[in-house]
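Below is one structure, written out as structure tokens; comments come after it.
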Amino acid sequence: MASRVARIKKGGAPVGDTTGADAPGDPSIEGTGPDLLLSANGPQPQRDLPARAASNSLPDSDSTLLSLEHVRISYRLRRSVVEAVGDATFQMDRHERLMLIGPSGCGKSTLLKAVAGFIEPEGGTIRFDGRSDLTPGPDRAVVFQEFDQLFPWRTVIENVAYPLRVTGHERAEARQRAEFFLEMTGLAAAADRHPHELSGGMKQRVAIARALALEPAMLLMDEPFGSLDAITRVRLQGELKRIADRTRVAIFFVTHSILEALTLGDRIVVLGSPPSHVRTVVDVRELGGPTDPRYIEVQQHLHEQLGATDKDLSGVEL
Amino acid sequence: MSNSDATLANDKVSGADETGGDRRLWWRPPPTVRTPGSHHPLSWSKLPTLVRRLIVFAVLVAFWQMYMSVKHPNPLLFSGPAAAATAFVDGWRNGQIASATATTLEVLLIGMAIGLALGLVFTILATVSTVGKDFVMLMTAMLNPLPSIAILPLAIIWFGLNNNAMIFVIANAVAWPMAINMSTGFTTVNPTLLMAARNLGLRRWRMIKDVLLPAGLPFIMSGVKVSWAFGWRTVIAAELIFGTAGGSGGLGYYINTSQYFLKVPDVFAGLITIAIIGIAVEMLLNLFERRTVVRWGMQRA
Amino acid sequence: MSLSLIAAACGSSSAAPSSAKSTTSGLHGSLVIATQPDLGYSALNIIDQEGWLTKAMPGVKVTWDTVNSGSTVETGMISGNIDVGAGGVAPFLLGSAKGVGWKLFSSLGDENLELVVKPQITSFKSITSSDRIAVVAPTSIQAIIMKKAAQKYLSNPNALDANLTILSHPVAYQAFKSGTIQGALDAPPFQQEEVAAGGHVLVDSYSLFGPSTFNAAWVMPSYYNSHTQIMKVLFAQIQRAMALLNDHPDQAASIISAYNQGSLSVSAATAAITSSTVRWTVTPQGYLVYGSFMKSIGLISTSPTSVRQIELPTLYGTNGN
Ligand SMILES: Nc1ncnc2c1ncn2[C@@H]1O[C@H](COP(=O)(O)OP(=O)(O)O)[C@@H](O)[C@H]1O
Ligand SMILES: [Mg+2]
């Protein structure tokens, strides 16, 4: 039995996070609440992973940036408790790009918010860079799916430079650095515009530039391209890949698109339906690319893993 | 008018073509959208705002004059535009209205500044602590519906018969609607934006100053507008209850005294002064909004 | 409650002029009378409280309005919404000079008004610029009295203008007691209360102008001429109320106390009614002296030269001035 339920940290932001259909108060959630609570220690993560799956039970080492051990997270609603994450255990190396994939509502965003420090898990530990008492901080810069994560009253360059001022950079240096990252994200021409004068794709690029400029140990991205049209999405995926190759920043990337996961990731962690646990972890580093015959194979495997856990595949893009 | 009719008719015709089948176009040119007034060079919405307002004003004055000419109201009760304008000019010439306006504005602005500051402090208190929240909720619920003039006797006992009593009453009239609007502004800030701000490491004071305040600015501005109206009403009402003779009374006192002396055009001159100040402040606030929340895309013009 | 009924019964048996009833029972029409919350309106208040008008003219719809400001009475009369208004000497003269056209219908009584000041003020010369003196309105008789006093003792009728503060009587009394103001020129019973609260009388109105009406009822000649019968009945009832006030002050006091719904005790009302500063009479007093003074300091452009100019036939032969 869960005696300690995820405490939403002060500031309460996650409570108000009502993105998607799986908002708090959704009758389907409330209805399943108590049952989920009873099966809190339900299905254990599969340990016998396919050949290409990377082992997720290696002991911590210097190269490990992030590790999750039996992380369990629930939301307490007015009359019930929603078990979002049942048991999540995996690690992430420095400079690694880890893709978290799973059906809609399986707890991907919840896990990301826990790593970002917005939510405290009710069970298990999250260790980041050796620390386990995580509060929100610029060392884990977050890029959200929503376009309105920018400060509307600041210009593009101010949006990037302001956090740098907060983290203690001199005005001139902050500006210089902001210019550099805007250049990198192809936004130099829009530097003096206000966010509402930008397209959705440009807004997400500003958010990425803002996060990168902080030079975080890790970039947390929650479906950053999920609200973009297909063409813009593909273009930004390419840009992110290029930038990540250049900066070698570690990326914790939440997606529900298998294709996006394969395109951007080093490894892919597949979550099952809630209360979710890690179904499988797939290493895609040695794959050659879409032309590699094994690519199809992996794609098929992911498809099966996701399909096997969730009859309704509407939330997963192939 | 005729434009839209024509568009409607066109739509019907092309609709008939579609059902007819054989001459159906696979491609149809996009309908030309005519915004009202794009046709006539001298249409209303194309005129500069100031000109439009002046015309509306002229029409109002014309109606006023018409009422005078048709109804011939008793000049001891009602005054026409010409007499009011003369009294207005004379009142400003001899300095009476100017000094009354200065007196009122001084009290009003000090009272409002204190009220706005208090509203801000209360909102911040309510934001950072639960006790503060309980306190502000209770005080707002109790004091906001109270006609602020009702506490004037109390204010007179505390502060004496002077401007401080009026300032207190105005500050009270302003602080609570301000606190209500500001906390609405604070609590309706987009949660994603708040998370982004916390992620950047923003805490307490910086969070309030750099995120909550600008994000809540549309609500704060409507709070300021409401407060301005409350403040005016309160100061005029307070001046009606006590004013000082001998030249240092405010506009409310000026109007009231003119009424006692049956100088109706002077009453109207005082009312016109209040109206003009109202228009000026409205314009100033609108300008501020255009430079801020409208420019930032947080509110439509 | 029962006490006031008994009082009313006694009042009507002892003081009613019995002639009015028979001739007026067939009257029709409407009559709107406005008063303000003040003991100076006692005569009208007694008529209201006892229902004398309704009894005398059952066919006439009588409406009593209590308003809070003299200027409301004036506006109401000018616009024709009030048939019988009442107020002081100064607003009456001011309106007359402005061409309002109202006439005196009946006085409601004389009062000697006293300027009560704090002990530290021993003479007009000792009033400093920071001293505040309350009067009820800028056009009130009290404001005129202050100007006369300033003219007499300081050689300049406007010398005390900057000291004047406009406050209603109850607020002025509170402010005087709490020391917020240093002087008040209001009316009974407040002036007595202020003396009781440690003030002393610096000057009174009779010493400056002689006896004068405090409140009088006003009527527009147009209404008077088209409603002479109703007007006769009203005047008779005012005389009856005056008789009660003069001859049976204790009865009058209990009626006034009931009218004020207990906010004024019978004993306080008795004290106010029998005060030496008050005289209950229908005869107007002091209009000519006040008028010529107001004209002399430029407050009004014309002033009446005889009482006939400003009174209605009801008052002919009462020897007003
Ligand atoms: N603030 C919240 N309050 C209550 N339930 C929540 C909240 N946020 C998410 N949930 C629930 O937790 C589960 C996981 O949500 P989430 O992490 O957003 O899923 P994903 O990002 O994988 O789509 C869902 O069932 C969702 O309804
Ligand atoms: Mg999500």
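Percent of Cα-Cα pairs more than 21 Å apart in region B:81-294, please. Tail fraction, whole percent: 59. Shape summary of region B:171-296, radius of gyration then Dmax from alpha carbon positions: 20.1, 66 Å. Peptide B:249-257 shows a mean partner chain C-beta count of 2 within 10 Å per residue C-beta.
Inter-chain Cβ neighbour count for A:196-202, averaged per residue, equals 1 (cutoff 10 Å, partner chain atoms only).
Using a 1.4 angstrom probe on protein heavy atoms only, the contact between C and B buries about 2000 square angstrom of accessible area, both sides summed.
Of the solvent-accessible surface of region B:81-294, computed with a 1.4 Å probe over protein heavy atoms with every protein chain present, carbon and sulfur atoms account for 71 percent. Taking only alpha carbon atoms, region C:114-209 gives an Rg to Rh ratio of 0.91, where Rh is the Kirkwood radius. Taking a straight line from the alpha carbon of B:Lys46, these lysines sit under 28 Å away, with near neighbours fewer than eight places off in the same chain left out: B:Lys225. Helix content alone sets the calculated 222 nm mean residue ellipticity of chain C: runs of n ≥ 4 DSSP H residues at -39500 (n - 2.57) each, divided across all residues, give -13000 deg cm²/dmol. Pairwise Cα distances in region C:60-177 exceed 19 Å in 55 percent of cases. Calculated FRET efficiency, A:Arg235 to B:Glu282, Cβ-Cβ distance, R0 = 45 Å: about 0.45 to the nearest 0.05. Within 10 Å of the Cβ of each residue in B:259-269, the mean number of Cβ atoms contributed by other protein chains is 4. For the residue pairs B:Lys263/C:Lys232; B:Lys71/C:Lys98; C:Lys98/C:Lys125; A:Lys113/A:Lys203; A:Lys108/B:Lys133, alpha carbon separations beyond 24 Å are given by B:Lys263/C:Lys232; C:Lys98/C:Lys125; A:Lys108/B:Lys133. Dipole magnitude for region B:148-280: computed about the Cα centre from +1 point charges on Lys and Arg Cβ and -1 point charges on Asp and Glu Cβ, it is near 580 debye.
A 1.4 Å probe over all protein chains sorts A:Arg193, A:Arg140 by accessible area into A:Arg193, A:Arg140, starting with the largest. Between 0 and 90 degrees, rounded to the nearest ten: what's the tilt of helix C:2-15 against the longest Cα principal axis of chain C? Roughly 80 degrees between the two axes.
For chain C, with every protein chain kept in place, what is the accessible area per residue (1.4 Å probe, Å²)?
38 Å²
For region A:149-280, a/c is not less than 1.5, where a ≥ b ≥ c are the root eigenvalues of the C-alpha gyration tensor, and a/b tops b/c. That puts it in the prolate class. In region C:138-184, burial by the other protein chains removes 40 Å² or more of accessible area from C:Pro138, C:Thr139, C:Ile166, C:Thr180, compared with the chain on its own (1.4 Å probe, ligands and nucleic acids ignored).
Expressed as a whole percent, the proportion of Cα-Cα pairs in chain C lying more than 35 Å apart is 20%.
The values are calculated or read from the model by the stated rules, or taken from the named source; none is laboratory data. In this text the structure is predicted, and so the values were computed from the model without any measurement. Every residue, glycine among them, receives a Cβ derived from its backbone with ideal geometry; neighbour counts consider all protein chains shown. When the accessible area is computed, the model is the full protein with side chains, heavy atoms only, and any ligands, DNA or RNA have been set aside. Shrake-Rupley method; radii C 1.70, N 1.55, O 1.52, S 1.80 Å.
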